[in-house]
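The values are calculated or read from the model by the stated rules, or taken from the named source; none is laboratory data. Keep in mind that what you see is a predicted model, and the values were worked out from it rather than measured. Here the Cβ is made from the backbone with ideal geometry for all residues, glycine too, and neighbour counts use every protein chain on show.
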Amino acid sequence: MIDRRKSNNRRSGDERRNFERLEAGIEVRLLRSGSNSGHEPLEGTVCDVSVDGIRMLVDIPLTVEETLLVQVHSAGEHLFNSTAKVVWQNQNPSGKYVTGCELCVFLTNKQFKTLRDFLDSQAQSVSLSHNPHS
């Protein structure tokens, strides 16, 4: 585990915040590559995502620099796939692993817009279900 504040990543520090981050709370499926690969995909939750990175919550530790195939979906709706590299990971008090990854290929404007529109529609659905008279 590494502390992201001590990262040697080329985008560490303030530069990592150049792109808008969307809070997500949606499902992610991870496929590991190389010697870490298993037969079963890992499941997790996206905490937030930007054009160039993703922060997620997973049940097991991953290796820094490990490459993953990231498949983001919600209720069966495919949102995007990307290859990502683990940059940092910290275990939270509940035992889950908060994991920061750099996307190897940035999301396109269209992919990011699709994701934003989907998240906005989800937020609106939740809002309407809590206040049916609006």
| said: Which condition from (1) touching a residue at least 40 places away in the same chain (Cβ under 8 Å); (2) touching a Ser or Thr at 6+ places or on another chain (Cβ under 9 Å); (3) over 21 Å from Val58 (Cβ atoms) is the one that Val87 breaks? | reply: (3)
| said: Of all residues being hydroxyl-bearing (Ser, Thr, Tyr) and outside any strand (DSSP E or B) in the range 46-82, which is nearest to Gly25 (Cα to Cα)? Just the residue, please. | reply: Ser50
| request: Taking the options Ile2, Ile26, name whichever one is at pLDDT below 90, under 10 Å from the mean Cα position of the chain (by Cα) and on the phi < 0 side of the Ramachandran plot. | output: Ile26
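Residues in the range 29-61 that are of a type in the set (Ser, Thr, Tyr), within 9 Å of the chain's Cα centre (by Cα) and surrounded by fewer than 17 Cβ atoms within 10 Å (Cβ to Cβ): how many?
Number of matching residues: 1.
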| note | All conditions in (1) under 14 Å from the mean Cα position of the chain (by Cα); (2) at pLDDT 85 or above; (3) part of a strand (DSSP E or B) are true of Leu115 except (3)
| said: Looking at the structure I just gave you, is Thr99 modelled with pLDDT of 85 or more, over 21 Å from Gly44 (Cβ atoms), of a type in the set (S, T, N, Q) and within 16 Å of the chain's Cα centre (by Cα)? | reply: no
| What are the residues in the range 90-112 that are touching an Asp or Glu at 6+ places or on another chain (Cβ under 9 Å) and free of Cβ contacts under 8 Å to residues at least 40 places away in the same chain, if any? | Gly95, Lys96
| Verdict on Val64 being farther than 18 Å from Gln122 by Cβ, buried (at least 19 other Cβ atoms within 10 Å of the Cβ), modelled with pLDDT of 95 or more and not polar (S, T, N, Q) | no
| message | For the range 67-83, give me each residue that is aliphatic (A, V, I, L, M), crowded, with 16+ Cβ neighbours inside 10 Å and within 19 Å of Leu119 (Cβ to Cβ). | response | Val70, Val72, Leu79
| request: Scan the range 84-112 for residues that are in a helix (DSSP H, G or I) and surrounded by 13 or more Cβ atoms within 10 Å (Cβ to Cβ) and jot them down. | output: Gln111, Phe112
